[in-house]
């Protein structure tokens, strides 16, 4: 006597597989633009909060040190950079923190060595150099973000803005260039960091494009 075992296949048929793939493609087609906008918005917010934090730090450091602090923004040929410095404005395009006019601040560790210029450092200068903190941010950290330094609807090349914070009340003594910094995403969404003469730093959204911030 012989027995025949018949087992029903539990796999997908070709038609079922094609239907599943079709549904997946349609779902991704609908969802991808939303994902792209989400990540574009998050990149813009991160870059904007970084600029906001830098300006707030400059104001606080100015009052804590009882000395002027400067934040300089520079935009040229599609690239941008900004940095923090004491005593006088720095050049945020300088990549070497040991050069004069590099964007550095001194963190005093008690060695009491005053260094004004590191172009020809002595041994004492080299020791003090360890106290100098390089405070500089560039487009490399946010490659899809552009900087607008004149509040226009077009990105203008070769521009710069300098904020000078007063040590007495944290007010802004002088502004060279625009009173605000506008950041633009790859999808042309915008956030603006504003600085008032009283030193108040804020973020707003031109035309209400980013709902989590107040309109400009």
| Would you call residue 19 over 16 Å from residue 139 (Cα atoms), over 30 Å from the mean Cα position of the chain (by Cα) and modelled with pLDDT of 80 or more? | yes
| Hits in region 25-51 (condition: modelled with pLDDT under 95, surrounded by 11 or more Cβ atoms within 10 Å (Cβ to Cβ) and more than 12 Å from residue 210 (Cβ to Cβ)) | 36, 39
| task | Could you list, in sequence order, all residues of region 188-216 that are surrounded by 16 or more Cβ atoms within 10 Å (Cβ to Cβ) and not in a strand (DSSP E or B)? | result | 189, 199, 206, 209, 210, 213, 216
| task | Find the residue count for region 57-98, including only residues that are assigned to a helix (DSSP H, G or I), in contact with a strand residue (DSSP E or B) (Cβ under 8 Å, 6 or more places away or on another chain) and exposed (fewer than 15 other Cβ atoms within 10 Å of the Cβ). | result | 1
| said: Any residue in region 200-216 that is on the phi > 0 side of the Ramachandran plot sitting within a Cβ distance under 8 Å of a residue that is at pLDDT below 90 and crowded, with 17+ Cβ neighbours inside 10 Å? List the pairs, counting only those 6 or more apart or interchain. | reply: 207/216
| said: Quick check on residue 140: is it out of contact with any strand residue (DSSP E or B) (no Cβ under 7 Å at 6 or more places or on another chain), surrounded by fewer than 17 Cβ atoms within 10 Å (Cβ to Cβ) and either at pLDDT 80 or above or not in a strand (DSSP E or B) (or both)? | reply: yes
| Taking region 143-160 as the search range and keeping residues that are under 20 Å from residue 40 (Cβ atoms) and modelled with pLDDT under 65, which one is nearest to the chain's Cα centre (by Cα)? | 155
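The values are calculated or read from the model by the stated rules, or taken from the named source; none is laboratory data. As the structure is a computational prediction, the values presented were derived from the model and not from experiment. All Cβ positions, glycine included, derive from the backbone under ideal geometry; neighbour counts span all protein chains shown.
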